[in-house]
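Everything on this sheet refers to the single structure shown next.
FYI, it's all coordinate maths here, none of it is from the lab. Only a predicted model underlies this, so the values are computations on that prediction, with no experimental measurement involved. A quick note on method: Cβ atoms are made from the backbone with ideal geometry, for glycine too, and the neighbour counts reach across all protein chains shown.
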Amino acid sequence: MTSQMSHTRAPAPEDAKAHLRASIRKARAHRSVRRNEELALALRDQVLQLPSIQAATCVSVYASRPHEPGTGPLISALHDRGITVLLPRLGDGLQRGWGEYLGEEDLIERAPGRPPEPSGPFLGSEALERADVVIVPALSVDCAGTRLGQGGGWYDRALVDAAPDTPVVALTFTSEFHSEEACLPRESHDLPVHAVITPQGITSLPA
């Protein structure tokens with residue numbers, strides 16, 4: 001009698017990512033508004049400790065949506081220090097671009113579910129080259145610098161316009177950073193990050 005060995009095939013990277021995204025989004029949805037606000041303040045304080053931020057004249061930051069690691073306090077703090085803050089903008093046909101933050105009252109929601117955007121001039125994708133630091137959102141990050149994004153690939157396409165050697169820093173919640181194992185699926189188009197910041201601290205990564 002011939003025995004047959006059963007083999008469990010690993011899920012394709014896109015399937016593994018979809019499963020992880022669903023799990024993380026579900027966990028994030030249970031966090032209260034008040035708790036998110038507290039964590040946003042902690043993230044601000046951690047980011048402002050970065051030497052690269054302290055020396056920066058221009059920083060790119062994402063405008064957070066509900067349940068994401070909050071960036072409102074950070075954006076305001078950078079702006080108050082006289083640092084130019086670039087926020088993502090979508091132009092015609094989902095064209096990637098940026099807008100300069102001029103104050104909280106200047107942000108507008110152009111479509112339901114989309115992050116708020118500056119109302120001023122649309123700056124092309126090449127504007128990212130001005131940034132001394134690029135701060136990106138993440139659903140999860142592992143110790144190899146792999147970032148799990150929302151799935152649209154917006155930042156993976158945008159980051160090619162950053163100046164060489166510009167530090168890319170991901171913000172995520174503490175439970176979403178895998179500090180001891182490289183466990184996230186990475187595809188050829190996934191660009192690694194140089195550091196991850198959680199409300200509890202800063203970790204440099206071998207990007």
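When the chain is described by a simple charge dipole with +1 on each Lys and Arg Cβ and -1 on each Asp and Glu Cβ, the residue from THR203, THR57, GLY99 located farthest towards its positive end is THR203. If you take the Cα centroid of segment 24-63 and the Cα centroid of segment 124-138, the two points sit 16 Å apart.
Would any residue of segment 102-118 have its amide N under 18 Å from a label point 7 Å out along Cα→Cβ of HIS67? List them or say none. Residues 112-116 qualify, since their backbone N sits under 18 Å from the label point. Note on ALA182 and ARG157: their simple-model spin labels are 2.8 nm apart, each label 7 Å out from Cα toward Cβ. Here the spin labels are modelled as points 7 Å beyond Cα on the Cα-Cβ line, and at SER52 and ASP15 they lie 3.6 nm apart. The simple Förster model, with R0 at 35 Å and r as the Cβ-Cβ distance, assigns SER125 and ILE202 a FRET efficiency of 0.80. Under a 10 Å cutoff between Cα atoms, tell me which one of VAL196, VAL59, VAL160 has the largest fluctuation in the Gaussian network model of the chain. Among VAL196, VAL59, VAL160, the largest GNM mean-square fluctuation belongs to VAL160. The DSSP beta bridges internal to segment 33-204 are antiparallel in roughly 50% of cases. If only the Cβ of Lys and Arg carry +1 and only the Cβ of Asp and Glu carry -1, the dipole of segment 33-204 around its Cα centre is close to 160 debye. Structure remark: mean-square fluctuation, Gaussian network model of the chain, C-alpha springs under 10 Å; the largest value among CYS183, CYS58, CYS143 belongs to CYS183. A crude spin-label estimate for the pair THR174 and GLU104, with each label 7 Å from Cα along the Cβ direction, gives 2.6 nm.
Springs between Cα atoms under 10 Å define the GNM used for the chain, and in it the highest mean-square fluctuation of ALA111, ALA29, ALA162 occurs at ALA111.
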